[in-house]
1. Over the residues of the range 35-137, compute the C-alpha Rg and express it relative to 2.2 N^0.38 Å.
2. Straight distance only, please: which lysines reach the Cα of Lys104 with their own Cα at less than 19 Å, same-chain residues fewer than 8 apart left out?
3. Between exposed trypsin sites (Lys or Arg not before Pro) in the chain, where DSSP calls loop and at most 14 other Cβ atoms lie within 10 Å, what's the longest gap?
4. Using Cα-Cα distances under 8 Å and only pairs 6 or more residues apart, what relative contact order does the chain have, in percent?
5. Name the residue farthest towards the positive end of the dipole of the chain from the options Pro48, Asn25, Phe108, assuming +1 on Cβ of Lys and Arg, -1 on Cβ of Asp and Glu, about the Cα centre.
6. So, counting K/R as plus one and D/E as minus one, what does the shell of residues with Cβ under 15 Å around Pro32 add up to?
7. Restricting to Cα pairs below 8 Å that are 6+ residues apart, what does the relative contact order work out to for the range 1-80? Please round to a whole percent.
8. Any idea what angle helix 156-185 forms with the longest principal axis of the chain, computed on alpha-carbon atoms, 0 to 90 degrees, nearest 10?
Amino acid sequence: MNIDWNLAAAVGMPILTLFLGALVNHLIESRPKLISYLGFISSHRLAPQADGSPGPIVNTHSVIIKNTGRKAASNVRLGHNFLPNVNVYPDVMYEIRDLPGGGKEILFPTLVPKTEVSINYLYFSPDTWEKVNTHIQSDDGPAKVVNVLLQPQVKPWLLRLIWAFIVTGVITCGYLSVKAVQWLAT
């Protein structure tokens, strides 16, 4: 069986170009990209009262919003069922708005590229962190919520070695595929 390489190239090149164009567009396109994650969740019992009764329980958590894109994110909104005592770090422009359903929303007019904002909450029990926040979005869509796991970081030299093995494996697979096609063609 003979393979018509001209026909294969004529059909394959537009398809390959389509995927390469989409990849290049994705890599160089300037757009905001919001990610969000919980920084910490903690609970503290305060000192006992003067009458000997146990002290109140104070809960805290933080939400981090980061623009990892190459363009400023406009009108970043962080919704709440209720808004406890809040602290925003670093000190950036924001405003607190009332929502029609009774909740509140923190609005950041712009979040520049490669910037991270931490919103820290302080509230008393029985309220917990799951009952506070509702949504995080901007004019460009919702933020991607990332589940953060604490883990040791891999050494940079080890990452380079792993990538070298991956590239070598991909090249080897490509070479073996071409050889298999040549062997089948003969």
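1. This ratio for the range 35-137 stands at 1.23.
2. Within the straight-line limit of under 19 Å, Lys104 reaches these lysines: Lys131.
3. Within the chain, the longest run free of exposed trypsin sites (Lys or Arg not before Pro) spans 115-186.
4. 24 percent
5. Of the options given, the answer is Asn25.
6. So the environment of Pro32 carries a net charge of +4.
7. Value for the range 1-80: 31 percent.
8. 30 degrees
A short reminder: the numbers here are calculations on the coordinates, not readings from a lab. Just so it is clear, the model here is predicted, and its values are computed rather than measured. Cβ coordinates were reconstructed from backbone atoms using ideal geometry, including for glycine residues, and neighbour counts include every protein chain displayed.
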